[in-house]
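Undergrad: Mind having a look at this structure? Questions to follow.
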Amino acid sequence: EPPAHAMFLLATTDPHRIPDTILSRCQRYDFRRITNRDIQMVLQTYLNKEGIAFEEKALRFIAKTADGALRDAHSILDRCLAFYQDEELTLDKVLRLLGAVDRGVYETITAHLLKKEIADLLTETDNMLMQGRDLQQMVLGEISYLRDLLIVKTMPEPEKLLDLGDESLLALRAAAELCTEDFLMYIIKALSQLEADMRYESNKRTLLELEWIKLCQPEL
């Protein structure tokens, strides 16, 4: 028998698979995602205590990338601090370490998509490759940006769902005026399928370039 002070914890992401005979003998606690703002505040408190200079937008990006998991945010932050010892933590450094791209790139890509500018999309893809960026991560980032754009397009108060600054919201509102909800959903579905295909394809560049051409020429 275990000692009286022992407490057993069963953690799972599939609670529906636990038999009722076990559930009836447990206290159940459902853990939820942490908001990006709360994650950012935790990281900021830590950096302030350590006396490490940082850009607020760098922490905002880490929090968004962590997607509600504080452990993942700490892991990303640790990697950044280990790589850039005794240096200010900037957004550019975080992007380089993660192989990610700035939000401004997604704004540019989306503008090219809405205007059906194939040559510019292909050039942007080449630029990302030359900078050592991961194309699959770029597609995921573009899907996330389009999702934010769709929220702005469909909700009267999108700031309730989007943890963005005023400048980013204004840019999204301006972009939302140039597109329809149907077209946004079409692009999101197409890019989501593309990202799934890219997991099993070595030549990711060709897949992405073909998708840009198809999205700009729906008649194909």
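Undergrad: To the nearest 10 degrees, how steeply does helix 103-114 sit against the main Cα axis of the chain, on a 0 to 90 scale?
TA: Value to nearest ten degrees: 40.
Undergrad: Turning to a different aspect of this structure: Please determine, in degrees from 0 to 90 and to the nearest 10, the orientation of helix 135-154 with respect to the longest principal axis defined by the Cα atoms of the chain, where the helix direction is its Cα long axis.
TA: 90 degrees
Undergrad: Shifting gears a bit: What residue among Lys57, Lys189, Lys49 shows peak mean-square fluctuation when the chain is described by a Gaussian network model with Cα springs under 10 Å?
TA: The residue with the greatest mean-square fluctuation here is Lys49.
Undergrad: Compute the helix-to-body angle for 70-83: its Cα long axis versus the longest principal axis of the chain, expressed 0 to 90° and rounded to tens.
TA: The angle comes out at about 70 degrees.
Undergrad: Ok, one more. Is the C-alpha gyration tensor of segment 134-176 telling us rounded, prolate or oblate? Criteria: a/c under 1.5 is rounded; beyond that, a/b larger than b/c is prolate, otherwise oblate.
TA: Prolate, since a/c reaches 1.5 and a/b exceeds b/c.
Undergrad: Also, I was wondering about something else. Using unit Cβ charges (K, R positive; D, E negative) and no other charged atoms, how large, in debye to the nearest 20, is the dipole of the chain about its Cα centre?
TA: It works out to roughly 580 debye.
Undergrad: Assigning unit charges at the beta carbon (Lys, Arg +1; Asp, Glu -1) and nothing else, what dipole magnitude in debye, to the nearest 20, does segment 1-95 show about its Cα centre?
TA: The calculation lands at about 380 debye.
Undergrad: With the other protein chains left in place, how much accessible area per residue, in square angstrom, belongs to the chain at a 1.4 angstrom probe?
TA: 65 Å²
Undergrad: Now for a different question. Would you work out what percent of the accessible area of segment 149-209, with all protein chains in place, is carbon or sulfur (probe 1.4 Å)?
TA: 52 percent
Undergrad: Just going by the charge dipole of the chain, with Lys and Arg at +1 and Asp and Glu at -1 on Cβ, which of Gly68, Leu210, Ala53 is farthest out on the positive end?
TA: Positive-most Cα among the choices belongs to Gly68.
Undergrad: Can you work out the FRET efficiency for the pair Asn48 and Phe83, with r the C-beta to C-beta distance and R0 = 25 Å, to the nearest 0.05? Don't jump to the answer; show the numbers that get you there.
TA: Values: r = 20 Å, r/R0 = 0.82.
Calculated value: 0.75.
Undergrad: Oh, and also: Give the shape of segment 4-128 as rounded, prolate or oblate, defined through the alpha-carbon gyration tensor: a ≥ b ≥ c are the square roots of its eigenvalues, a/c under 1.5 means rounded, and otherwise the shape is prolate if a/b is larger than b/c and oblate if not.
TA: oblate
Undergrad: So, with a 1.4 angstrom probe, what is the percent of accessible area on segment 5-89 that is carbon and sulfur? It would help to have the intermediate numbers written out before the result.
TA: Numbers: 3490 of 6800 Å².
C and S atoms contribute 51 percent here.
Undergrad: Dividing the convex hull volume of the Cα atoms of the chain by its residue count, what figure in Å³ per residue is obtained?
TA: Expressed per residue, the convex hull around the Cα atoms of the chain is 206 Å³.
Undergrad: In a GNM of the chain with a 10 Å cut-off on Cα contacts, which of Arg25, Arg60, Arg133 has the highest mean-square fluctuation?
TA: Arg25
Undergrad: Here's another thing I want to ask about it. Just reorder Ile143, Ile187 by solvent-accessible area, largest first, 1.4 Å probe, all chains present. Intermediate values should be presented prior to the final figure.
TA: Details: Ile143 30, Ile187 0 Å².
Highest to lowest solvent-accessible surface, that is Ile143, Ile187.
Undergrad: Counting only chymotrypsin sites (Phe, Trp or Tyr not before Pro) that are in a DSSP loop and have at most 16 other C-beta atoms within 10 Å, tell me the longest site-free stretch of the chain.
TA: Working: sites that count: Phe8, Tyr29, Phe31, Tyr84, Tyr200.
That gives 85-199 as the longest site-free run.
Undergrad: How many angstrom separate the Cα center of segment 144-158 from the Cα center of segment 201-218?
TA: Each part's Cα centre sits 25 Å from the other's.
Undergrad: Please turn the phi angles of segment 59-69 into ³J(HN,Hα) values with the Karplus equation 6.51 cos²θ - 1.76 cosθ + 1.60 (θ = phi - 60°), one per residue in order, whole Hz, x for glycine and proline.
TA: Karplus values, whole Hz, x for Gly and Pro: 5, 5, 5, 4, 4, 5, 5, 5, 6, x, 10.
Undergrad: Give the ranking of His5, His112 by solvent-accessible surface, highest area first, calculated with a 1.4 Å probe.
TA: From most exposed to least exposed: His5, His112.
Undergrad: Same structure again: Determine the shape class of segment 1-45: with a ≥ b ≥ c the square roots of the Cα gyration tensor eigenvalues, call it rounded for a/c under 1.5, and otherwise prolate if a/b is greater than b/c, oblate otherwise.
TA: Cα axes put segment 1-45 in the oblate bin.
Undergrad: Under unit Cβ charges (Lys, Arg +1; Asp, Glu -1), what dipole magnitude, rounded to 20 debye, does segment 167-220 have relative to its Cα centre?
TA: 180 debye
The values are calculated or read from the model by the stated rules, or taken from the named source; none is laboratory data. What you see is a predicted model, and the numbers here were worked out from it, not measured in a lab. Don't worry about glycine lacking a Cβ; one is built from the backbone with ideal geometry, like all the others, and counts go over all protein chains shown. Each accessible area value is taken on the protein alone, full model and side chains, heavy atoms only, with ligands, DNA and RNA left out. Shrake-Rupley method; radii C 1.70, N 1.55, O 1.52, S 1.80 Å.
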